[in-house]
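The values are calculated or read from the model by the stated rules, or taken from the named source; none is laboratory data. Predicted model only: the values in this text are computed from it and were never measured. We place every Cβ from the backbone using ideal geometry, glycine too, and count neighbours over all the protein chains shown.
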Amino acid sequence: MSSNYQMVSALDLGAKPQKSLRKTLAKTLAIAMLASLVILPQAFAADSMATSFLLTINDQADAVEVESNEPFSMTVTAIDDDLETVTDYLGTISFESTDDLASLPVSYTFSEEDAGEKTFDLSFTLVEAGEHTITVSDDDDLLVFGEITLTVVGASVSTDTADLPVILTPSDGEVLNSAEVDIAGTSSANTEVSIYDGTILKGTAETDAAGNFSFTTDALFDGTHTFTVQVESGGETLTSEEIQVTVDTTAPIIQDVSLEPRSPSPGERVTVSVETETSVDEVKVVIDQRTVTLSEDAVTGSYSGNFIAPDSAGDYAIDVEVTDRSGNTDTYYDQATLTVAGTAALNASATASPTAGIAPLTVNFSTGTAASYSWNFGDGSAVSSEQNPSHIYQTPGVYTATVTVTSVDGATDSSTVAINVSSGAVTAPPQATENGPGAWALTVLVAAGLAYFTNRKILSQEI
């Protein structure tokens, strides 16, 4: 190996006395040890070592301005005495600031991928207006550090407004159907905030580097709650604006259920009405595995709807399901009983208007209520399934119209009505009278080309 001194060997000393030799060797060794302090760094020099850090913001190392409470980025570069980047720096660094309210990154250890330079994106926030210094130092060698001086500008320099906590959720006046309330908001970064329900402390939370916090209360009672958030700053307590929320975890209560009629016949229409509390979003009734959604009556405030009674006789329970505007739902069973009577009595009772007239004759028919209908008009035309149909008779004649009605359980009933259709107007000739005893009173009716003589004796002939 090379060096800046010469090593003295025993051969070079020749025949010097042994005592002088010992002195010479001791002197030589001392010189070698002193020289090693100089020659070793030269002989076995490692890679260059970081002696300081260069701090830049937007590629600027001085005359930097940042906005109060606005996050910004900063790049840290490990450099040597020649201001060259030390690409193999693997040390751990920490951050400090003269702004006591500053938000700074946690300690960071450089990796090989960093190659001696690391940018901390939007990781710094300064609050107090004025000139401040950020210092970066090596955790293992505090003599290796760097500083940058910044000017903090902003609309306000008062910590009262800069640190004032704000509740973002829930909203003021909101109704919640959960007993545990999630509260979120903002305050100064990396600060402990206290959450109050009225005057009762519910707990604390820590804000992150951006000043955000979240907190979930324990189970609260139903009713109104007033929340505030407090933070200590500069020796004083700052309090957010209060918000009021209503906790409602209980479904609406059913007050009354009515049926009209309460004892219908099979297939009969039934009206159901439900009275419940206000702020109800939906009301349903369930009968015989059928669900009917009710509509609110704007006048009475109750909820009502219609359904068809079951086909079979018996007792049927009415269940009611209610949901309020907070989403609370409950089902109340057996709130009323619908009693369906036996098979309803059928009454076809066919009627027609008019029952006589000139062709073409339009006749309006009607019959009693049933599940289904079948009208045979007696003139060979198609059968009608309407309850109250109309029919036109085109040809003169006497017709018998028949209606057959069927109930929901298959029972039937029939009824007929006669329809007389003529080809022209009906005329009545003058009354003929024969004098004397045994005189006949003669009435002649002309209809459809036939003459009818009425008295005790009836004669008929073509006219």
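On inspection, Glu131 fails the criterion of being part of a helix (DSSP H, G or I) and not aliphatic (A, V, I, L, M).
Scanning the stretch 338-366 for residues that are under 22 Å from Arg262 (Cβ atoms) and surrounded by fewer than 14 Cβ atoms within 10 Å (Cβ to Cβ) yields Gly342, Ala345. Using the structure shown, decide if Ser390 is surrounded by fewer than 16 Cβ atoms within 10 Å (Cβ to Cβ), modelled with pLDDT of 95 or more and of a type in the set (Ser, Thr, Tyr). For Ser390, the condition - surrounded by fewer than 16 Cβ atoms within 10 Å (Cβ to Cβ), modelled with pLDDT of 95 or more and of a type in the set (Ser, Thr, Tyr) - is met. For the stretch 268-290, the candidate set comprises residues that are of a type in the set (S, T, N, Q) and in contact (Cβ under 8 Å) with a residue 12 or more places away in the chain; within that set, the residue that is farthest from Gln335 (Cα to Cα) is Ser279.
Is there a residue being assigned to a helix (DSSP H, G or I), out of contact with any Cys (no Cβ under 9 Å at 6 or more places or on another chain) and under 30 Å from Gly211 (Cβ atoms) anywhere in the stretch 68-89? No, that holds for no residue. Suppose we keep only residues that are surrounded by fewer than 17 Cβ atoms within 10 Å (Cβ to Cβ) and under 56 Å from the mean Cα position of the chain (by Cα) within the stretch 402-417. Which one would you say is modelled with the lowest pLDDT? Top of the filtered list is Asp409. Please indicate, with yes or no, whether at least one residue in the stretch 35-52 is in a strand (DSSP E or B), farther than 20 Å from Val144 by Cα and modelled with pLDDT of 90 or more. Checked against the condition, which is being in a strand (DSSP E or B), farther than 20 Å from Val144 by Cα and modelled with pLDDT of 90 or more, the stretch 35-52 yields no hits at all. Of the residues Ile200, Ile183, the single one that is farther than 13 Å from Thr239 by Cα, among the aliphatic types (A, V, I, L, M) and without any contact (Cβ under 8 Å) to a residue 12 or more places away in the chain is Ile200.
Taking the conditions exactly as written (loosely packed, with under 14 Cβ neighbours inside 10 Å, over 27 Å from Leu101 (Cβ atoms) and modelled with pLDDT of 95 or more), does Thr226 satisfy them or not?
yes
When Gly173, Gly185, Gly267, Gly203 are screened for being surrounded by 13 or more Cβ atoms within 10 Å (Cβ to Cβ) and part of a loop (DSSP other than H, G, I, E, B), only Gly267 passes. Of all residues in the stretch 284-343, those satisfying the criterion of being in a loop (DSSP other than H, G, I, E, B) and either among the hydroxyl-bearing types (Ser, Thr, Tyr) or within 24 Å of the chain's Cα centre (by Cα) (or both) are Leu294, Thr300, Ser302, Ser312, Arg325, Ser326, Gly327, Asn328, Thr343. Residues of the stretch 118-128 include none that is of a type in the set (Val, Ile, Thr), farther than 27 Å from Asn212 by Cβ, without any contact (Cβ under 8 Å) to a residue 60 or more places away in the chain and touching a strand residue (DSSP E or B) at 6+ places or on another chain (Cβ under 7 Å).
Does Val274 satisfy being within 35 Å of the chain's Cα centre (by Cα), within 16 Å of Ser258 (Cα to Cα) and surrounded by 18 or more Cβ atoms within 10 Å (Cβ to Cβ)?
Judged against the criteria, Val274 is a match.
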